[in-house]
């Protein structure tokens with residue numbers, strides 16, 4: 001990693017807690033519909049709705065809310081008590097108002113790297129929500145650039161690197177998702193570090209082992225520092 005000039009950080013479940021909040025909301029949502037289907041079946045129906053609408057709604061809490069509402073209507077055959085829909089919207093609003101809980105060593109790592117590299121946030125999701133979370137986090141001043149992406153495919157990273165005037169071999173991405181934070185970056189010639197989180201959304205999981213000369217895996221964010229300082 002001697003040639004790295006730009007280090008990009010994923011946000012959700014890399015800088016701060018995210019997926020556990022979604023899982024908590026999903027459990028409450030499944031309980032709302034227990035008179036119609038078992039919890040695990042509601043969860044499966046919700047995930048199916050999310051996958052069907054991903055290209056329309058993208059990622060984030062608002063997409064999640066719309067998919068919950070659509071799932072309610074389908075599961076209840078459009079006969080749901082309005083109170084169920086009201087609670088569904090309420091669960092989404094609670095998600096949008098969650099406090100920001102930074103993960104271990106985030107500030108220490110950013111402090112150690114600041115001034116030595118150009119630091120970037122590269123995350124996907126709803127623009128307003130991610131901007132709000134970044135503002136609440138108190139981390140914005142550490143970053144040279146904030147990129148909130150509609151998706152994280154090769155073309156999205158190529159667009160980011162062009163904007164940053166950075167060659168792929170000088171770029172390092174850090175994140176908890178092999179599918180979004182690692183594989184596309186390796187495909188375009190960049191470097192990537194996987195920092196596993198204890199829970200990962202099913203859509204972000206892969207079913208094969210990843211091997212690549214530019215791929216690194218650590219157990220915690222602070223473990224990257226000896227390689228970079």
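The values are calculated or read from the model by the stated rules, or taken from the named source; none is laboratory data. Since this is a predicted model, take the numbers as computed values, not measurements. With ideal geometry, Cβ positions are generated from the backbone for all residues, glycine too; neighbour counts draw on all protein chains shown.
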Next item on the list: Check 46, 85 and return the single one that is more than 22 Å from the chain's Cα centre (by Cα) and either more than 18 Å from residue 132 (Cβ to Cβ) or not in a helix (DSSP H, G or I) (or both).
Entry: 85
Notebook entry, point to check: Restricting attention to the stretch 73-86, does a residue exist that is crowded, with 18+ Cβ neighbours inside 10 Å and under 21 Å from residue 11 (Cα atoms)?
Noted result: no
Notebook entry, point to check: Is there a residue in the stretch 19-34 that is in a loop (DSSP other than H, G, I, E, B) and either assigned by TED's automatic domain parsing to the domain that holds residue 181 or more than 30 Å from residue 217 (Cα to Cα) (or both)?
Noted result: yes
Next item on the list: Considering each residue of the stretch 1-21, count those that are under 29 Å from residue 229 (Cα atoms), touching a residue at least 60 places away in the same chain (Cβ under 8 Å) and surrounded by fewer than 18 Cβ atoms within 10 Å (Cβ to Cβ), and give that number.
Entry: 4
Notebook entry, point to check: Does residue 24 satisfy being surrounded by fewer than 22 Cβ atoms within 10 Å (Cβ to Cβ) and in contact (Cβ under 8 Å) with a residue 24 or more places away in the chain?
Noted result: no
Next item on the list: State whether one or more residues within the stretch 152-172 are part of a strand (DSSP E or B) and buried (at least 20 other Cβ atoms within 10 Å of the Cβ).
Entry: yes
Next item on the list: Search the stretch 134-151 for residues being touching a strand residue (DSSP E or B) at 6+ places or on another chain (Cβ under 7 Å) and part of a helix (DSSP H, G or I), and hand back the single one that is nearest to residue 63 (Cα to Cα).
Entry: 134
Next item on the list: Take the stretch 118-133 and flag every residue that is part of a loop (DSSP other than H, G, I, E, B) and at negative phi.
Entry: 126
Margin query: I'd like to know if the stretch 96-107 contains one or more residues that are modelled with pLDDT under 95, surrounded by fewer than 20 Cβ atoms within 10 Å (Cβ to Cβ), touching a helix residue (DSSP H, G or I) at 6+ places or on another chain (Cβ under 6 Å) and not in a loop (DSSP other than H, G, I, E, B).
Written below: yes
